[in-house]
1. Every residue in the range 40-60 that is of a type in the set (S, T, Y) and either in contact with a Ser or Thr (Cβ under 6 Å, 6 or more places away or on another chain) or at pLDDT below 95 (or both), please.
2. Whether any residue in the range 105-115 is on the phi > 0 side of the Ramachandran plot, modelled with pLDDT under 95 and either surrounded by 14 or more Cβ atoms within 10 Å (Cβ to Cβ) or among the polar types (S, T, N, Q) (or both) is what I want to check.
3. For the range 40-58, name all the residues that are loosely packed, with under 12 Cβ neighbours inside 10 Å and either in contact (Cβ under 8 Å) with a residue 12 or more places away in the chain or on the phi > 0 side of the Ramachandran plot (or both).
4. How many residues are within 16 Å of G108 (Cα to Cα) and either assigned to a strand (DSSP E or B) or not small (G, A, S) (or both) when one looks only at the range 6-63?
5. Across the range 59-69, what is the number of residues that are surrounded by fewer than 12 Cβ atoms within 10 Å (Cβ to Cβ) and not small (G, A, S)?
6. Using the structure shown, decide if N72 is open to solvent by 40 Å² or more (accessible area, probe 1.4 Å), modelled with pLDDT of 95 or more and over 12 Å from S20 (Cα atoms).
7. Restricting to the range 26-39, name every residue that is surrounded by 15 or more Cβ atoms within 10 Å (Cβ to Cβ) and at pLDDT 95 or above.
8. In the range 75-104, what residues are open to solvent by less than 40 Å² (accessible area, probe 1.4 Å), out of contact with any helix residue (DSSP H, G or I) (no Cβ under 6 Å at 6 or more places or on another chain) and at positive phi?
Amino acid sequence: VQLQASGGGLVQAGGSLRLSCAASRNIFGSSDMGWYRQASGKQRELVAFITSGGIINYADSVKGRFTISRDNAENMVYLQMNSLKPEDTGIYYCNAARHYGGVLWGQGTLVTVSS
């Protein structure tokens, strides 16, 4: 499997979830990794990304609440989501932007935050 996301679920507002994305070794080492989300009826949007060199950026809406990290030894990228809000509800996708061109997407994992 090239990219496989997991960890979604149903959580109450204020709760936490941790998303995980497993990547194939040949992809992970030469890619910048990101998490995107798509709410029903809305366009897919960037949540956070982390480059292979560890540079991190977040969407303004999640700053201070979400943390992205990567484990280069295990070819994993994580998204720790705290203080979740109903507007965080959506399908979360793992993304790999290859250094040599091309973008890969995982299958998505559903996050539902109830009020």
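The values are calculated or read from the model by the stated rules, or taken from the named source; none is laboratory data. Treat the numbers as computed from the prediction; the structure is a model and nothing was measured. Ideal geometry is used to build each Cβ from the backbone, glycine not excepted, and the neighbour counts take in all protein chains shown. SASA here: full protein model, heavy atoms, side chains in, ligands and nucleic acids out. Shrake-Rupley method; radii C 1.70, N 1.55, O 1.52, S 1.80 Å.
1. Answer for the range 40-60, where residues must be of a type in the set (S, T, Y) and either in contact with a Ser or Thr (Cβ under 6 Å, 6 or more places away or on another chain) or at pLDDT below 95 (or both): just S52.
2. yes
3. If the condition is that a residue be loosely packed, with under 12 Cβ neighbours inside 10 Å and either in contact (Cβ under 8 Å) with a residue 12 or more places away in the chain or on the phi > 0 side of the Ramachandran plot (or both), then S40, G41, K42, G54 are the ones that fit.
4. The number of residues fulfilling the criteria is 24.
5. 2
6. It is false that N72 is open to solvent by 40 Å² or more (accessible area, probe 1.4 Å), modelled with pLDDT of 95 or more and over 12 Å from S20 (Cα atoms).
7. If the condition is that a residue be surrounded by 15 or more Cβ atoms within 10 Å (Cβ to Cβ) and at pLDDT 95 or above, then D32, M33, G34, W35, Y36, R37 are the ones that fit.
8. Residue satisfying the conditions is G90 alone.
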